[in-house]
Every structure is written in structure tokens, then in C-alpha cells.
1. Here are some pairs, LYS161/LYS273; LYS41/LYS273; LYS289/LYS330; which of them have Cα atoms lying more than 29 Å apart in this structure?
2. If packing is taken as the average count of other Cβ atoms within 10 Å, what order do 217-229, 296-308 fall into, highest mean first?
3. Can you bin the stretch 110-260 into rounded, prolate or oblate? Criterion: square roots of the alpha carbon gyration tensor eigenvalues sorted a ≥ b ≥ c, rounded for a/c under 1.5, prolate for a/b above b/c, oblate for the rest.
4. Please give, to one decimal in nm, the separation of the simple spin-label points placed at ASP272 and GLU321, each 7 Å out from Cα toward the Cβ.
5. Report the full-extension gain for the segment SER257 to ALA328: residue separation times 0.36 nm, less the Cα-Cα distance, to one decimal in nm.
6. Just to be sure I understand the model, the point goes 7 Å from the Cα along the line to the Cβ. What's the resulting SER201 to GLU249 distance in nm?
7. What spacing in nm lies between the two simple spin-label points modelled at GLU36 and GLU284, each 7 Å away from Cα in the Cβ direction?
8. Which residues among the stretch 314-331 fall inside the zone where the amide N is under 16 Å from a point 7 Å beyond the Cα of ASP296, along Cα→Cβ?
Amino acid sequence: MTSTSPRRRTTLIAALLSAAAALAACGDSSDTPAGEMRSFKADNGTVEIPTHPQRIVTIGSPGVFLQIGVEPVGMSGAPGKEWMSWLTPQQREAYEAAENLGNLPNLDYEQIAGLNPDLITVAIPREAWERNADVAKRLKAIAPTAYISINPSKTDMSPWKAQLQRTADAVDARGRVDDDKAAYDKLVADIKGRYGSLLRSTTFAFVNRTEGEEGRFEREYSSSYCTVAATEAGLDIPGETSVGTKTFETVSMERISDLSQFDAIIYRSGPDKKPAPAVEPVLESNAWKSLPQVSDGRALGVQCDPTLTYSAKAAELRSIEEALDRLASKK
């Protein structure tokens with residue numbers, strides 16, 4: 001057995017005491033911003049979540065979190081090719097750096113637990129949340145889980161602002177969203193002020209299409225994905241579905257002549273300002289080319305990012321400004 005000198009033993013004890021004190025300081029979460037907890041009113045009840053979460057896992061709506069400046073350690077929600085095209089280089093880098101968690105209900109819970117998240121956020125339609133009750137229980141066993149309901153695809157998008165603010169609150173991104181909101185509100189006011197006369201005398205039809213809908217296209221009315229910001233900026237996009245709600249409907253290409261009654265037509269374009277690939281078959285049809293708005297330059301492309309954030313909708317508003325400038329020159 002090796003003996004230790006009194007001096008060396010004293011030095012060793014002091015070092016151990018110092019290390020223990022350091023560990024105690026690290027373990028006292030109340031002294032560190034990341035360890036502070038607060039009550040958050042989620043759609044799955046009041047949840048105790050970190051005030052400043054550091055390791056966030058997101059389930060659903062990946063674009064929202066990336067656009068408000070969050071860089072999750074893990075994300076679910078398979079991106080489509082078009083969705084990815086809207087990401088900035090920094091957002092794409094953050095997406096690729098996060099672990100891909102797959103999609104509901106086939107999540108790898110060991111993978112999620114291995115990420116050591118301090119917050120899990122779930123942003124999916126309520127029907128999907130209720131249908132995956134077991135998933136919710138398993139997530140809550142890993143880390144505090146805040147569920148924030150989102151609207152089903154292409155229905156009434158009018159609550160998007162409240163949903164975005166709640167999401168930002170949960171992930172400690174309120175400052176970024178407040179700044180984006182201020183820029184968005186200014187654009188809305190600028191468009192109303194600059195083009196007020198034109199907007200009051202013009203009706204618009206919005207044309208969209210989903211890939212695979214052969215022989216059909218979509219009419220988007222107020223409060224749909226691609227029209228909610230335009231409507232707020234003062235564009236009159238009249239129309240109703242068969243059930244009387246002003247959202248959207250899919251109609252036969254045979255009805256494209258219905259668009260001739262409007263003063264101007266807007267169709268969805270992508271981040272490169274070219275017609276969205278899904279919309280191209282509509283624009284290439286003879287029925288489209290025969291519309292009077294097409295022949296005299298009153299059919300205009302407007303960008304539509306599928307993500308409901310202030311920054312995405314602000315980009316749409318800037319595209320709308322360009323379209324209105326071209327339309328004003330036709331008057």
C-alpha cells in the first residue's frame with residue numbers, strides 16, 4: 001500500500017472540496033438562465049418549461065422554428081423540395097445540423113432522449129395530437145412538452161399570428177418575432193397607403209395548384225395560406241366555397257373561364273419569382289392563355305412561402321408591392 005504525505009493529502013482534500021463546490025454551483029439551476037423554469041399555458045395544459053431553453057426538440061412545422069431564429073437539436077417533419085427552397089443558407093445549415101427525428105407516429109424515442117432536450121415543442125393539427133395520445137405521453141416522459149395547435153392545411157389561417165406569438169413565447173424567441181412583426185405591420189400600412197385607390201377599385205382572383213391534381217387548380221380566397229397577408233394589406237379576393245367559408249377550393253380546369261370576371265389574377269410563384277412548378281400546367285394551358293387578364297398583363301405572379309411567420313409573409317408583401325406597381329402601370 002502506498003502512503004500519502006500530510007502535505008500532499010491536504011492539497012488533495014482542498015482540490016476535492018473545490019471541485020465539489022464547482023459541481024454544486026453547476027447543479028444549482030436557479031443560478032443559471034437555462035435552469036429557470038416558468039409556467040406556460042400550452043394546449044395540453046399548463047406546463048413547467050425552461051425560461052431560456054437551450055436544447056429544443058421540435059415536432060412538426062420545422063420552417064416556423066427556423067424562421068424565428070431557433071436552431072433545434074432535433075426536428076421532425078419531412079421537408080418537401082419546395083419548402084426547402086425557401087430557406088436561407090443559415091436556416092438550411094441549422095436544419096441539416098439538427099437530428100432528423102422522422103415523422104409522427106414513427107418517432108425514435110431513444111434518439112430523442114439521447115439529445116437530452118430541455119424542451120419539446122409539438123406544432124401539429126389538433127386531430128393529429130389527439131390521434132397520437134400515446135406519443136404525447138412518451139414525449140412528456142423525456143422532457144417538458146408544450147403542444148401548440150396549428151390549423152389543418154389550407155383552412156382558415158386567420159389565427160396564425162396568435163399561434164406564432166405563443167410558439168415564440170415557448171422557445172424564448174419573442175424579441176425576434178416582435179421585430180419581424182414591426183416590419184410586417186409597416187409593409188401592410190405602406191401598401192394600403194400607397195395603393196389605396198388601386199385596391200379599392202380592383203378585384204383579384206388567386207390561382208394555386210397542388211402537385212398531382214391533374215386537370216384541376218385551386219382558387220384561394222381570403223384567409224388561406226397564400227392570401228392571408230394580401231387580404232390584410234387590402235387586396236379584395238372575393239369568393240366562397242360550397243360551404244360558405246372564404247378559404248379555398250379545388251375546381252376543374254374547365255372553370256378557368258370564371259376568372260375573367262376579375263380585374264386582375266394573381267398566381268403563386270416561388271422564391272426565384274418564377275411560377276411555382278405545380279402551377280405551371282395551369283399557365284401553359286390554352287384556356288389560361290385566352291383569359292383577357294393574361295393577354296393585357298393583368299395576370300401577375302406573387303411569391304407564397306408556405307410557412308406562417310411574419311418574415312415569410314413580409315416577403316410575400318414585398319412581392320405584392322412589385323405586382324401592384326406593374327398593375328398600376330396598366331391603369
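1. LYS41/LYS273
2. Details: 217-229: 23.3, 296-308: 20.5.
Output ranking for 217-229, 296-308: 217-229, 296-308.
3. Because a/c hits 1.5 or more and a/b fails to exceed b/c, the stretch 110-260 counts as oblate.
4. Taking the two extended label points, one gets 2.5 nm.
5. Fully extending the segment from SER257 to ALA328 adds 23.2 nm.
6. If labels sit at SER201 and GLU249, their model points lie 3.1 nm apart.
7. Each label point is offset 7 Å from its Cα along the Cβ direction, giving 5.7 nm.
8. Under cut-off, by backbone N: 326-331.
Just so you know, all these numbers are worked out from the coordinates, no wet-lab data involved. Everything numeric here is computed off the predicted structure, so don't read it as measured data. A quick note on method: Cβ atoms are made from the backbone with ideal geometry, for glycine too, and the neighbour counts reach across all protein chains shown.
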